[in-house]
Every structure is written in structure tokens, then in C-alpha cells.
Amino acid sequence: MKLSLVVLQGPLKDTAFTLSTPGYYTVGRSNQTRVPLAADVCVSRRHFALHAGETGLRASDLESLNGILVNGVQFGGSSRGNAARPPEISLHDGDRIQAGETLLLVRFAEPPTGANVVVCHPDQKGATGEFTAVEVPRAAITQKPRTSHGTGESGTRLIDLPTIPGHDMLRLLGSGSCARIFLARHAASGEFRAVKTVRLLPNLPERTLAKFEREVQTYQALRHPKIVGYHDHGFLKDFFYVTLEYMPGGGLDQLLKLRGGRLPVAEALPLLLDVLEGMAFAHEHGYIHRDLKPSNILLTDETASAKAKVSDLGLAKSFVEIGGSPYSTDGDVGGSYGYMPREQLLDFRNVRPVSDVFALGATFYTMITGNLAYDLTAFSSPFEMILEGKVIPVEERLPSLEPALAATINRALAIEAEQRWQTAGEFRNALAATATCP
């Protein structure tokens, strides 16, 4: 059976993807997906999957933020808080699938004449296994496609996008304990930007808001190639926003998830050296991050030559004062707590660069071992874990690690601050001296 997907709307309009054989096809913005929609920034990296059989086709959402529409009916979407695994949807000739700004027409036939044909090959050959698929009504297929902030046939609202002056808001990129991050297009320049919003505490004194704005202006002036750039900021009704450089490669935490939890040392080390370069510059100018972890390290792209940059520099302490939280737990001790030194828990506001060194060492530890540096099995709460400070030496997790490199990482993770490298610059120099980059 011939199967093809014709792009009716979106950046790849008039492209036709042909599914070469039965099998499992991932669809998304990542260049590692089998049906690549890289030109659509409103599509998640791995947005949905297609399972092509000998006699049929079905689709399922892959934990994308905004889900997919099939004939106007929404399925999946993590921004809606869906906990259950989305169902598989039976597809038929003439059905329409919308992901981001891309509208796809399902054809059980060859691509139309004149289309730009892309031949796709499956992740896994063969369509086997039992499944229960959902049948979607066909009556809705003539409805006008809508963007990620509209409503589907079911009437369920996906996500409310804020209105930011001078920006066309596109979609939600992610959310944490105190903030949301959106993708936007700057109207004047046409550039993509990330917009971070934080809801304000009620009845904040004017002096607090003025102090916060002065601090953000100072951070905005801190420019370095390895620090995510600031563009603008402001207050609107009950929230604060800051517009930032958009990093298409996403967070380091997402890369680790895609790669099974860890990276080879030769791949992880250059990324950490990028981050240390940016943080060395910040420390030299008197700035401390306070919340370094994989999700606050962003990548320039999805290639093997991607560079890493530090995100949220200086905002952790400022967000506390206007409505945020000093730490984002991400649901468990694997959030900020897993990268936090003892002195930061005891006195969050008055930490020094050496606290960032611990977080950077813990981040590198996670990157190459797939585990947190702390011994999670020995304590019943993250607070007890941090206060006791029991760290498992990195060579116990990764016996093949060069001894000199292991010693450098372990020193960054010393419980007593005085025993660590004191700044990111010291840590970077030590790594460069003890490790060999390919």
C-alpha cells in the first residue's frame, strides 16, 4: 500500500513525505526524526509517531507540548497535564493531521504531481503487535486549521499565550515551578526569541519592583558568547517578562533524555567547557547563577558541533523577590536540589561563586554517568541529602574515567566550600589541564 503525507499548510507547504515501507516513523523538528519538520519551530522535537502497517496507518502523540489535531480533534499534549498515554488514532485516506503550524493530508496513494517528494524510512521495519486505535469523525476535516493557542473540535483550550509588546507569540516551550517560557517572533526583526514570564506576588512594594528592574538591567548588560543573550523586559498586569535569545537545540536535560541519560565524556566535556567559559566571565564580573543544572544549559542547535550557553544567569535570586521560588524541584530531588551544595540551602541569598562550582561539577557528573552525584538511597528527603552531603565519587559510577579527570570533578563536589575550585575559571583551567578533548 502506498502511503504519503502532503503538507497543505506551514513552512514546508507543497512537500510530500512518502513512507517507504511498513514500520515506525517519528515525526518532529529534530533532524533525527524520520519525517523531519525542522522548518516549523512550533513543532516539538519528537512530536508524534506514525505506525504504518500493510493495510493501515495509525498515529500517536509523543509527549509533545501541544499535541496533535486529527480532523480537528485533539490528542495528547503535555501542556494540558495529560498523565495517561495518548491513544493511537486510526488514519484513513483524506484525514488531516495538524502539528504546530504544519497541516498534513494523509494519502493512501502516490504523492501528487509537482510536489517536492521526500522519501522517508522507518525507525523500525515491520508493523507488528496488537493495538487498540481510536476512530476519529471525518466531519471536522474541513474546519480551518488553528495555531497552538486556539481550541480544537473538542473545545479544549490548549494554552493561553500572553500578549507581549512587539512580539508574535507562537507556542509554549516549557514551564517550571515559577515561570513559563514561550517561543515568539520579534515583529520588527523577524527573529525568533524566547519569552520568559513570571507571575508577580500580590501587593509588591514599588521599591521591590524598582530594585528587581535595576538588577535585570544589570544582567542584560552582561554579554558573552557563552551566555544566553537578553533582549528586553517589562511588567504587564500581574506578571513580569523577559525576552531572550532563542536556542533551537533546547536544554541539555532534553538531550540527555534523548540519549538515554548520559553522554560520552568526549562529547560532554566540550559542552561543559562552554558553560564554564560563560560562568568564568560572570564570576569575574561579580555575578552568581544560583541555579545551574542541565535544564539551564541550552544548546545552539541539534548537531554534534552544537555549543552550550548558560541560561537564567542571575534570575534565580531576583525571581524569589517578586514571586518565584529559589529552587524548582521538577517533581523530585532530581531538580535543582540534586545540584545544590549545602551552603546554598543554608543561606540561599548570600552564596558565592564556589556554590556555582559545585552545581557545575554535579551537572558534569550527571552528563557522563546518568546519575546524580548525591547518594539518593541514604536519605529520606532532599534537604537531609544536601545537609549531609554524601557524594558518591565519580569513578565509582564510571570506572573507565581517567583518574586525573575524576579527581578534578570530585574536588568540584567537595562538601566543604573551601576545598573546591573557588570559581568557574579555576574549574575550567583544571579540566583543560587534566582532560584531552578530541
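The values are calculated or read from the model by the stated rules, or taken from the named source; none is laboratory data. All values reported here derive from a predicted model rather than from experimental measurement. Counting neighbours? That spans all protein chains shown, and the Cβs are built from the backbone with ideal geometry, glycine included.
Computed quantities for the displayed model
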quantity: Verdict on Ala304 being closer than 30 Å to Ser400 by Cβ, touching an Asp or Glu at 6+ places or on another chain (Cβ under 8 Å), surrounded by fewer than 17 Cβ atoms within 10 Å (Cβ to Cβ) and assigned by TED's automatic domain parsing to the domain that holds Asp356; calculated: yes
quantity: Subset of the stretch 384-400 that is closer than 21 Å to Pro270 by Cβ and in a loop (DSSP other than H, G, I, E, B) - its residue that is farthest from the chain's Cα centre (by Cα); calculated: Ser400
quantity: Some residue of the stretch 369-383 being over 28 Å from the mean Cα position of the chain (by Cα) and outside any helix (DSSP H, G or I); calculated: yes
quantity: Count of residues meeting criterion [farther than 30 Å from Ala210 by Cβ, more than 17 Å from the chain's Cα centre (by Cα) and either not assigned by TED's automatic domain parsing to the domain that holds Pro399 or not hydrophobic (A, V, I, L, M, F, W, C) (or both)] in the stretch 240-279; calculated: 5
quantity: Top-ranked residue of the stretch 222-275 - restricted to ones that are farther than 24 Å from Arg428 by Cβ, in contact with a helix residue (DSSP H, G or I) (Cβ under 8 Å, 6 or more places away or on another chain) and among the aromatic types (Phe, Trp, Tyr), ranked as surrounded by the most Cβ atoms within 10 Å (Cβ to Cβ); calculated: Phe240
quantity: Ala414, sole failed condition from (1) assigned to a helix (DSSP H, G or I); (2) closer than 20 Å to His283 by Cα; calculated: (1)
quantity: Residue count for the stretch 29-46, restricted to those that are within 16 Å of the chain's Cα centre (by Cα) and closer than 24 Å to Met1 by Cβ; calculated: 0
quantity: Residues of the stretch 9-48 that turn out to be without any contact (Cβ under 8 Å) to a residue 40 or more places away in the chain, touching a Ser or Thr at 6+ places or on another chain (Cβ under 6 Å) and within 17 Å of Arg96 (Cβ to Cβ), as a count; calculated: 0
quantity: Flag for Thr363 being under 22 Å from Leu276 (Cα atoms) and either assigned to a loop (DSSP other than H, G, I, E, B) or at pLDDT 85 or above (or both); calculated: yes
quantity: Residue under evaluation Glu54, criteria (1) modelled with pLDDT of 90 or more; (2) over 30 Å from Ala306 (Cα atoms), criterion not met; calculated: (1)
quantity: Residue check for Gly331: surrounded by fewer than 23 Cβ atoms within 10 Å (Cβ to Cβ), in a loop (DSSP other than H, G, I, E, B), modelled with pLDDT under 90 and not aromatic (Phe, Trp, Tyr); calculated: yes
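For every residue, the table says whether it meets (1) modelled with pLDDT of 95 or more; (2) more than 27 Å from Asn31 (Cα to Cα); (3) not in a helix (DSSP H, G or I).
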residue: Phe235; (1), (2), (3): no, yes, yes
residue: Tyr241; (1), (2), (3): no, yes, yes
residue: Leu255; (1), (2), (3): no, no, no
residue: Leu272; (1), (2), (3): yes, no, no
